[in-house]
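Taking it in order: structure first as structure tokens, then the write-up.
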Amino acid sequence: MRHGVTQRLAAIVATAAFALSLAGAAAAHSRPETTAPADGEVVAAAPTVIAISFDKPMRVTTIELTGADGDAFALERTDEMAPVTRIEATPPPLPAGRYTVKWRGLSEDGHAMSGRFSFEVRP
Ligand SMILES: [Cu+2]
């Protein structure tokens, strides 16, 4: 039954190759590395810049800032949706409170990515 063993081996090799290709695809994502403010950070002064750094270029398609009650705060950005490793957006003066930043983007490998982080302004 050598033939059967060869077929099983071929199937195992094909499965391993497929798993490796999935791992390779995952590793090619651009990922957020750090944010400013950091997720969960409590800041005494309202931030004048909201920033996200990525390990590889990310085309950020939306970035939104909302307060705890769901109010949206307009962010001014200058990246013009070009792929960037760091996006900086300027918020209006922020009163004390909790805020959430939500973003969506296209990774360097074309995959859709999204994330969120929160911070609190507590003077
Ligand atoms: Cu990817």
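Nothing in this text is a laboratory measurement; each read-out follows from the coordinates by a stated rule. Quantities reported herein were computed from a predicted structural model and do not represent experimental measurements. Virtual Cβ from ideal backbone geometry, glycine too; neighbours counted across all protein chains shown.
When you scan segment 88-99, how many residues do you find that are under 14 Å from VAL49 (Cα atoms) and surrounded by fewer than 16 Cβ atoms within 10 Å (Cβ to Cβ)? Matching residues across segment 88-99 total 3. Contact map, segment 65-87: first residue surrounded by fewer than 16 Cβ atoms within 10 Å (Cβ to Cβ), second residue aromatic (Phe, Trp, Tyr), Cβ cut-off under 9 Å, separation 6 or more or different chains; pairs are GLY67/PHE73; GLY67/TYR99; ALA68/TYR99; THR85/PHE54; ARG86/PHE54. The set of residues in segment 104-123 being touching a residue at least 60 places away in the same chain (Cβ under 8 Å) and either buried (at least 16 other Cβ atoms within 10 Å of the Cβ) or under 16 Å from SER53 (Cβ atoms) (or both) consists of GLY105, SER107, GLU108, MET113, GLY115, PHE117, SER118, PHE119, VAL121. Screening segment 107-118 for residues that are within 9 Å of the chain's Cα centre (by Cα) and more than 9 Å from the ligand (Cβ to nearest atom) and picking the one that is nearest to LEU75 (Cα to Cα) gives ARG116.
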